Amino acid sequence: MVSRQGGLPIWRFGAFELEGRTGELRRNGVVIKLQEQPSRLLLFLLEHAGEIITREDLRQELWSADTFLDFDHALNSRVMKLREALGDSSDNPVYIQTIPRKGYRFVAPVRTVHPSTPAQVSQGAGSVLSPSDPERERAFDGAATRGYPGSYIPPPDGEFKTDSPTTGEVKTRFSAQPSRPWQVALIVGVLLFIIGLLVVMSRGNLRNSILQRPSLVRIHSLAVLPLENLSGNIEQEYFADGMTAELITELGKISSIRVISRTSVMRYKGIRKPLAQIARELDVDAVVEGEVLRSNDRVRVTAQLISTAEDRHIWAEAYDRDLRDVVALQGDVARSIASAIRARVTPAELARIAPARRVDPEAYEAYLKGRYFFEKRTSEGIYKSLEFFEQAIRNDPQYAQAYAGLAKTYQILGSYEMLPPNESYPKAREAADKALQLDGALSEAYTARGLVASFYEWDWDAAEQDFRSAFMVNSNDATAHHWYAEHLMNVGQVDRAIAELERARELDPLSLPINATLGRVYRDARRYEESINQCRKTLDLDPDFALAHWCLGVSYVAEKQYAEAITEMQRADAVGESPLYTYGLGYAYAAAGNKARARAIIEELKQESHTTYMPAVFIAAIYGELAEKDRAFVWLQRAYDERDPQITYLLLDPFMDPLRSDPRFNALVHKVGFPQ
């Protein structure tokens, strides 16, 4: 094994420099994102520039002896990442040369600049900086302000070594040449100062002196970036993504920190940005990044927590477990992070963080595949997720999370008009009840059941209780806040609904559904200018998001900007899958006075109702705008009989305004049982 010697210098090669203390890589002063192990690999190669470093040397340097992993693939992955960061090529290397069947060699000239010593040649590569070189002066000038351990200027003929990068303990060895008088005086003066300082400290006058370890910046918010899949198999992406989501869920159970939801962090998957920039975009104090490797029935997770405010690592750990213990592994990671950031964790929260229940590996794999396809939010993806959640339950009938996933899937099938409400919502309720029977600490299950109570059973009190239970379990569940806002709109509580959506957006700032729903709620609150602005912001995130085009279209209708409304509805109908968008276009035509086109769309919706579920409220609303009230109320009665979830929007939906003055409308509101 090649040993590491020396202190913590800055390594310079080409346009790059590597900070030995922090592992930060910069190119011409600009930080290049590099994960921990590729950074360690680079440091090791730089320390032995010009030498052939064997693959076995690298195994011992980067991994402990008992580490479980596919070593060849893992090492090749690190080298590839490092070359990518350096812009290097294996065919024509500028920095890292592959030595076939042996290892690697760093071939570029390397210079080192110690915080308190002149720049030196590393392993005979590169050129030496003279004592008068400006680089040396800059290194010396910055040493004291950068706070390097052991930062001082040694005597010209002395030999410097920082033996302990952690404590800053410094040992110096001097040559036999005689010391000069000013050197002796300086050393004596420094020693007297230190002795005096220690005497004062012993009297308790400097309890917060600079010799104490500085306190950590308190972490109030964090984001778990997508864990990297190290398997080399693209088909294993679902496993890495699922582990990311599960870790977010576990951390979300700690109410004292704000944890960014999966939807927003997954936008950074495969995107290389400086961590500080990601933290600014997500408005967090720290980020967690790491890797996951699944091999047969073993799983390895490495994770590190980085404070972006301090630009330093707070915590790092590696976990090797049997796949059956993966749930306990997730809990261990969450608890370790909570401890590292000194988060306040209540006993109840601690008990809820991933109890150590073993899971069947095949059930867990099916569950993660279900989550993976569910997040695609396409009709094909939703139905695939249904299959995988059911498979997970067949493999492990006591798997509470799989039942929660099943409940959420059936709820979406009803909300997105993919199944009739009398088929989707009762199944969602049954699965949610089973999940909570097995594990009463699942916010997803409470949220799904609350949605059933609000949108199908019209039991407003039960819905309120379920959403409150969801927040007790996981106050960071952005989806729960989103759907609670929808429930609050159902019962006419506009201001509270907007506040919940704002909270949901804090937790999931890049979520398209949350941003678009906020725009729609502004419209239902008759705050049309804010609605238009919010819908446009959503389209800035994704110009092809159908719900945002629909949201903008309905706001334009309210503002009587009919040409713009029709354009947006046409766009929504072109890119969206739901009959919601066809209905929106029909309503826009009716509002614009184009009765023929509006009636044509009514007929189209009626035809579709023979083969797929069609919310009767959609057809009723277009008839209402056409001033054909009798037909409108026929379809509203049908919506009531079918328990159409869309009927719960009656209280505030502006599209219902043409019907509000009719006594039949108030009678319908009374039958549904909305709170007065």
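The values are calculated or read from the model by the stated rules, or taken from the named source; none is laboratory data. Please read these numbers as outputs of a predicted model, since none were measured by experiment. For neighbour counting, all protein chains shown are included, and Cβ atoms are generated from backbone atoms with ideal geometry for every residue, glycine included.
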task: Return only the number of the condition from (1) more than 17 Å from the chain's Cα centre (by Cα); (2) farther than 21 Å from Q401 by Cα; (3) part of a strand (DSSP E or B) that A303 does not satisfy.
output: (1)
message: So, A516, is that one surrounded by fewer than 21 Cβ atoms within 10 Å (Cβ to Cβ) and small (G, A, S) or not?
response: no
Failed item in (1) more than 19 Å from Y416 (Cα to Cα); (2) buried (at least 18 other Cβ atoms within 10 Å of the Cβ); (3) modelled with pLDDT under 95, with Y649 passing the rest: (1)
- request: Identify the residue in region 268-300 that is in contact with a His (Cβ under 9 Å, 6 or more places away or on another chain) and not in a strand (DSSP E or B) and, among all such residues, is modelled with the lowest pLDDT.
  value: D285
message: Can you say whether A574 is over 29 Å from E423 (Cα atoms) and surrounded by fewer than 16 Cβ atoms within 10 Å (Cβ to Cβ), as far as the supplied structure shows?
response: no
- prompt: Just for region 310-362: of the residues that are in a helix (DSSP H, G or I) and β-branched (V, I, T), which one is farthest from L442 (Cα to Cα)?
  reply: I337
message: Could you tell me how many of the residues in region 430-462 are over 16 Å from Y640 (Cα atoms) and in a helix (DSSP H, G or I)?
response: 21
query: How many of the residues making up region 201-242 are more than 22 Å from P509 (Cβ to Cβ), modelled with pLDDT of 75 or more and among the polar types (S, T, N, Q)?
result: 4
statement: Subset of region 591-632, residues in a loop (DSSP other than H, G, I, E, B) and either under 44 Å from the mean Cα position of the chain (by Cα) or not charged (D, E, K, R) (or both), comes to A592, G593, N594, S609, H610, T611, T612, Y613, M614, P615, L626, A627
field: Tally, over region 23-37, of residues that are closer than 18 Å to L8 by Cα and modelled with pLDDT of 85 or more
entry: 3
task: Determine which single condition E603 fails, assuming it passes every other condition in (1) within 30 Å of L282 (Cβ to Cβ); (2) of a type in the set (D, E); (3) modelled with pLDDT of 95 or more.
output: (1)
statement: Scanning region 519-531 for residues that are crowded, with 21+ Cβ neighbours inside 10 Å, touching a Ser or Thr at 6+ places or on another chain (Cβ under 6 Å) and of a type outside the set (D, E, K, R) gives G519, Y522, S531
query: How about region 25-42: which of its residues are more than 20 Å from G270 (Cα to Cα) and either touching a residue at least 40 places away in the same chain (Cβ under 8 Å) or buried (at least 18 other Cβ atoms within 10 Å of the Cβ) (or both)?
result: L41, L42
- request: Within region 244-259, identify whether any single residue is under 15 Å from A303 (Cβ atoms) and over 12 Å from the mean Cα position of the chain (by Cα), and answer yes or no.
  value: yes
